[in-house]
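The values are calculated or read from the model by the stated rules, or taken from the named source; none is laboratory data. The structure presented is a predicted model; accordingly, all values stated were derived computationally and were not measured. Every residue, glycine as well, gets a Cβ built from its backbone with ideal geometry; the counts of neighbours run over all protein chains shown. Heads up: the accessible areas ignore ligands, DNA and RNA and are worked out on the full protein's heavy atoms, side chains in. Shrake-Rupley method; radii C 1.70, N 1.55, O 1.52, S 1.80 Å.
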Amino acid sequence: MTLILFLALRSLWRVSRTPLLAALVALLAWATPASAQYAGLRTLVVPSAEPVTVALFYPTPAAVRTLPMGPWRPQVAPGAPVSTAPLKGLILISHGTGGHELGHHNLATRLAADGYLVAAPRHPGDNWEDRSMIASGRYFSERPRQVSRVLDALLAHPEWGARIPAGRIGAVGHSAGGYTVLALAGAQAEPARAVQHCRSVSDDPGFCSLGKLSSAQGASSPVAPAPSAVGAQDGPLVSVADPRIRAVVALAPMAVVLTPQSLAAITVPVKVLMAERDVVLQGPYHGQHVAAHLPGVDASTVPGAGHFAFMAQSVWPLPSDAGDAAANPEGFDRVAYHATLENQVAEFFGQSWR
């Protein structure tokens with residue numbers, strides 16, 4: 001390869017010296033493959049009255065390895081140096097109720113390898129260890145605000161702040177996280193809708209039974225707050241939009257609490273993915289509610305998928321009152337599906353910010 005470059009450059013020099021530099025750059029680009037990027041992993045703690053632990057996935061040139069972390073097996077380079085290439089943007093990932101910051105590590109590592117900084121917070125008061133926020137009366141307002149506080153911290157961070165491109169901040173959320181990102185996009189929650197819904201229907205038991213769970217129960221399931229908690233602090237209408245969020249992906253979202261008027265007023269790009277065999281959040285009341293009222297939404301249903309299909313595949317069972325988050329409906333291959341999911345999400349954000 002060196003001899004080829006030498007002969008090519010000598011020939012160019014004899015013909016004309018003027019375009020030599022441009023020719024050299026072009027030849028080197030042809031001869032040298034693009035540097036590969038992988039996913040690094042660090043942990044950030046956002047200080048507050050309720051500190052937020054955040055898993056940060058970011059592009060790195062360092063080789064990755066399988067890192068056993070509880071039930072998860074992410075392919076990452078822990079603590080590795082950050083790639084010098086400019087970031088494509090920042091993506092925030094909101095897990096479902098009772099979930100974990102690594103619950104969507106497969107999607108996070110793909111986006112990081114594509115050039116994004118990805119921040120996945122563990123929601124205080126609504127995670128696998130602690131679900132006390134469900135009965136706090138501030139569930140619908142606090143969940144999105146926790147994500148906004150993480151965004152505040154990253155934009156002010158000495159290492160990350162200046163590298164995050166303006167106008168290229170997005171969010172992905174699953175289940176209650178789907179509610180969270182839609183609220184950040186501008187959808188408004190009317191908490192009383194949850195109570196009215198559960199009094200008027202009998203075919204959405206997965207949603208309607210979870211508001212009464214104790215903090216020790218559940219794993220990435222939706223939530224319908226108990227009537228005693230509704231309105232205590234959230235008020236009759238919850239508006240917590242964050243205009244810095246410019247595109248969102250909602251995966252099997254909890255959405256019955258969102259008002260049709262506020263959904264219709266959302267102006268940022270939104271993608272909604274529903275699960276055909278979701279017995280936790282019935283599509284007609286949740287994902288289809290969004291699709292019916294949000295003009296221009298990119299909505300589709302994943303054939304054969306269950307509610308937890310959008311989470312990374314756990315290596316052991318994750319029991320909850322909503323079912324085993326590690327289990328899959330018969331005939332559905334979650335690991336194989338994730339290749340499609342990752343491509344769709346990456347393409348969505350890329351097209352949203354062209």
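The table below lists the values:
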read-out	value
Residues located in the range 150-199, provided they are among the acidic types (Asp, Glu), more than 24 Å from Lys88 (Cα to Cα) and part of a helix (DSSP H, G or I)	none
Residues of the range 266-300 that turn out to be polar (S, T, N, Q), open to solvent by 70 Å² or more (accessible area, probe 1.4 Å) and within 17 Å of Phe207 (Cβ to Cβ), as a count	1
Strands (runs of 3 or more DSSP E) fully within the range 50-142 counting 1 or more residues that are of a type in the set (D, E, K, R) and open to solvent by 40 Å² or more (accessible area, probe 1.4 Å)	116-122
Conditions (1) in contact (Cβ under 8 Å) with a residue 40 or more places away in the chain; (2) among the acidic types (Asp, Glu); (3) in contact with a Pro (Cβ under 9 Å, 6 or more places away or on another chain); number of the one not met by Glu142	(1)
Test for Ser314: is it farther than 22 Å from Cys208 by Cβ and among the small types (Gly, Ala, Ser)	yes
Residue that is most open to solvent (accessible area, probe 1.4 Å) [pool: residues in the range 170-201 that are polar (S, T, N, Q) and at pLDDT 95 or above]	Gln188
